[in-house]
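Everything below concerns the one structure shown next.
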2 protein chains.
Amino acid sequence: MNVALDAMGGDNAPVAEVAGAVAAARAYRIEVLLVGRAAEIRAELDRHETRGLKLDIVEADTVIDMHEPDPARAVRQKQDSSLVRSFALVQNGTAQACVSAGNTGAFMAAALFELKRIPGVERPAIAIVMPTPTGRVLLLDIGANVDCKPEYLAQFGLMGAVYLEHLFGLANPRVGLLSIGEEATKGNQLVQQTFPLLKAMPINFIGNVEGRDLFNGLADVVVCDGFVGNVSLKLIEGLASTISSMLREELTANPVRKLLAAGLRGAFGGLRRRMDYAEYGGAPLLGVNGVCIVAHGRSSPYAMQHALRVAKESVEHHVLDRLRESVAGASPKSQVLSPES
Amino acid sequence: MNVALDAMGGDNAPVAEVAGAVAAARAYRIEVLLVGRAAEIRAELDRHETRGLKLDIVEADTVIDMHEPDPARAVRQKQDSSLVRSFALVQNGTAQACVSAGNTGAFMAAALFELKRIPGVERPAIAIVMPTPTGRVLLLDIGANVDCKPEYLAQFGLMGAVYLEHLFGLANPRVGLLSIGEEATKGNQLVQQTFPLLKAMPINFIGNVEGRDLFNGLADVVVCDGFVGNVSLKLIEGLASTISSMLREELTANPVRKLLAAGLRGAFGGLRRRMDYAEYGGAPLLGVNGVCIVAHGRSSPYAMQHALRVAKESVEHHVLDRLRESVAGASPKSQVLSPES
């Protein structure tokens, strides 16, 4: 299987990309197409042992900047960029999936431009799998659509359930709607109007969930608009890192504490591993005609490796076909007879 | 100074309320009017040493339930409830402020019913002060208004700045707008339309901030709609408690870890204290004609004590007068000449 990797995308490109590609090629037998400036990629590859691994370079001269103010225009104008070329490789069938840690807005634009929406999909959504003490939760949308209609959110719930069910083999995942109270009447207008639509979807909708329920195992999939999802995600990142820093300060406040804390390295390492998003491997864009995974801009080689793994597994588990079938079966048109419509 | 306390409001009422009132009366010389079922309150008071303290009971027969489905109707129908009576004591001048840990929706309804909005205020907002590693941040609205207009948010920024400036003596507080990117063009429609209005306010508006910036000291006041604020607040509570539980699990996983962790009790206690919201003392409802503080439903006696302290300090620092002046000076009418309008 070929996976196209935008080698110039992230903050640490191409270092993290190449290292992640080498690790993924070795661990999961993926054929990685490294897309970007050939000389830079080759120089980076030379620092790794790559014998027997399937790693190819696809030349792409330009790069879409992480802070590009108009991502959609950049995609139209930079057809030779590493990002657009990566999607083009999926579009023409050379690769079965693509991964980038680059500009998320440009990622979205390139995905829509090259791959188009799955028929019946209102809006594609970016979903992220986050670790919880008892397992994991899929949160979507985390930023693709900042202003949503109820129909979009209802479909996010469907796509999230299908993704989790087929990628993780989790039967009948519980889907919750992020709100500010359990009752169906709680929430803003968008959420209140979404509630009956989610109820009418062929999924295991458990009703509204609250911010605290993201971590307590109540739901497997949590649905929200891209503004709320993005604020939430960055809040989680920020708070987790704040608590870590404060803990470190307390544990190094004097020599005795330092000594005792050194003995507890295993415990703190365990906590860090349980909170580490890296091995959940990037966030799929659900709803376009292709498997594409957006990785965090600050992805480590380990995170890139797992983003490539998730891309491979999405292809192997035919997630795209399952999404197409589900959306076709639960499109608004097929629901004209539901009591809520 | 008299502060009316809804003694029947919270999940631990009247135990936490009475204990908090006793502590506050002793520590800050507040005269607390305990509003609720006299027999229950008296029985609870008898368990404390109250000599020399100014604690009075105001009889109120009924209680508005925490899970009341229609809070506004409950307020209209239960004029003899401990909550409505507490507000009535402020309205008729018997008390200078009131505090309740009861139903937030009913709190809002009673505040509007008894005290009315400050002239020029579009919508009152609930603000909460949260600890950060380097100080504190005021987040508003955390749930009073789930669907907002840009004008509401702009005024929240003004009211938050005035509150922080006068309650904490913090000159020129930095006000940020919660969004999903720093640039003025980032965010949903509501946020994009709010940006120029906040810019035109007579405050130190620093632009958009992101979820992670709640904790890094970038802003003193963070503005959002009540839906996003409430989701965020519960997310923070949930994640902080999740991380604590996971840390506890790791530290008690074996006898050696338990022993070492016992030696680090001071460090963990320090972290807990730095993350403790209790001494920030409840959340003021800003924008009504009276000082009123809503405390967390699960408030401890310590949290109730500090909610009473914040009520007292709000009165002493004339926060209400400052809010009235600022809103009058920055009302939409006075800004017809600003370039954004």
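Summary of values
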read-out: Fraction of beta bridges assigned by DSSP in the range B:108-256 that are antiparallel (%, nearest 5); value: 35 percent
read-out: Straight-distance crosslink candidates among aspartates and glutamates, where the alpha carbon sits under 19 Å from B:LYS312 and sequence neighbours closer than 8 are dropped; value: B:ASP6, B:GLU17, B:GLU31, B:ASP56, B:GLU165, B:GLU279, B:ASP321
read-out: Peptide-level mean, for A:219-229, of C-beta atoms on other protein chains within 10 Å; value: 3
read-out: Among B:ASP321, B:ASP80, B:ASP70: highest mean-square fluctuation, GNM of chain B, C-alpha pairs under 10 Å; value: B:ASP70
read-out: Other-chain or far-sequence residues with amide H under 5 Å of A:PHE205's (modelled H); value: A:VAL175
read-out: Rounded to the nearest 20 debye, dipole of the protein assembly as shown from Cβ charges on Lys, Arg, Asp, Glu; value: 1140 debye
read-out: For A:VAL137, residues with placed amide H under 5 Å, excluding near neighbours; value: A:MET130, A:THR132
read-out: Inter-part distance where the range B:50-72 and the range B:74-103 are each reduced to a Cα centre, Å; value: 8 Å
read-out: Size of chain A as Cα extents on the principal axes (Å, biggest first); value: 62, 61, 37
read-out: Straight-distance crosslink candidates among aspartates and glutamates, where the alpha carbon sits under 17 Å from B:LYS258 and sequence neighbours closer than 8 are dropped; value: B:GLU249, B:GLU250
read-out: Shielding score for B:158-168, defined as the mean number of other chain Cβ atoms within 10 Å; value: 0
read-out: Student exercise, the range B:7-68 dipole from Lys, Arg, Asp, Glu Cβ charges, in Debye to nearest 20; value: 460 debye
read-out: Calculated label separations, A:PRO119, copies of the chain, 7 Å along the beta-carbon direction, nm; value: 6.4
read-out: Cβ charges +1 (Lys, Arg) and -1 (Asp, Glu), total dipole of chain B, debye; value: 600 debye
read-out: Cut-off of 10 Å, at most 16 other beta carbons, DSSP loop: longest stretch of chain A lacking such trypsin sites (Lys or Arg not before Pro); value: A:117-297
read-out: Relative contact order [Cα under 8 Å, 6+ residues apart], chain A, whole percent; value: 22 percent
read-out: Cα-based Kirkwood hydrodynamic radius, the protein assembly as shown, one decimal, Å; value: 26.9 Å
read-out: Long-range amide H partners of A:ILE57 with built H, under 5 Å; value: A:LEU34
read-out: Globularity ratio of the range A:72-174, using Cα Rg and 2.2 N^0.38 Å; value: 1.18
read-out: Ellipsoid semi-axes in whole angstrom, largest first, where each is sqrt(5λ) of the Cα gyration tensor of the range B:218-285; value: 32, 14, 9
read-out: Lysines with Cα under 17 Å of B:LYS78, excluding same-chain neighbours fewer than 8 positions away; value: none
read-out: Spin-label model distance (nm) - A:GLN79 vs B:HIS318, 7 Å beyond Cα toward Cβ; value: 6.9 nm
read-out: Residue among B:SER81, B:SER244, B:SER100 with the largest mean-square fluctuation in a Gaussian network model of chain B, springs linking Cα atoms under 10 Å; value: B:SER244
read-out: Leading residue at positive end of dipole, the range B:1-141 (Cβ point charges), from B:PRO14, B:LEU55, B:ALA74; value: B:LEU55
read-out: Summed residue charge, Cβ within 15 Å of B:GLU316's Cβ, Lys/Arg positive, Asp/Glu negative; value: 0
read-out: Selection from A:THR185, A:SER86, A:SER241, by position along the positive dipole direction of the protein assembly as shown (Cβ); value: A:SER241
read-out: Under Karplus coefficients 6.51, -1.76 and 1.60, residue-wise ³J(HN,Hα) of the range A:280-293 in Hz, glycine/proline x; value: 7, x, x, 10, x, 8, 9, x, 10, 7, x, 8, 9, 10
read-out: Antiparallel %, DSSP beta bridges [both residues in the protein assembly as shown], to 5; value: 30 percent
read-out: Of all DSSP beta bridges in chain A, antiparallel share, percent nearest 5; value: 30 percent
read-out: Positive-end extreme of charge dipole, the range A:112-163 - chosen from A:CYS148, A:ILE126, A:LEU138 (charges on Cβ); value: A:LEU138
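Any read-out appearing in this document is the output of simple, stated calculations on the displayed coordinates, not a laboratory observation. Nothing here was measured: the structure is a model prediction, and the numbers come from that model. Glycine gets a Cβ as well: all are built from the backbone with ideal geometry, and neighbour counts include every protein chain shown.
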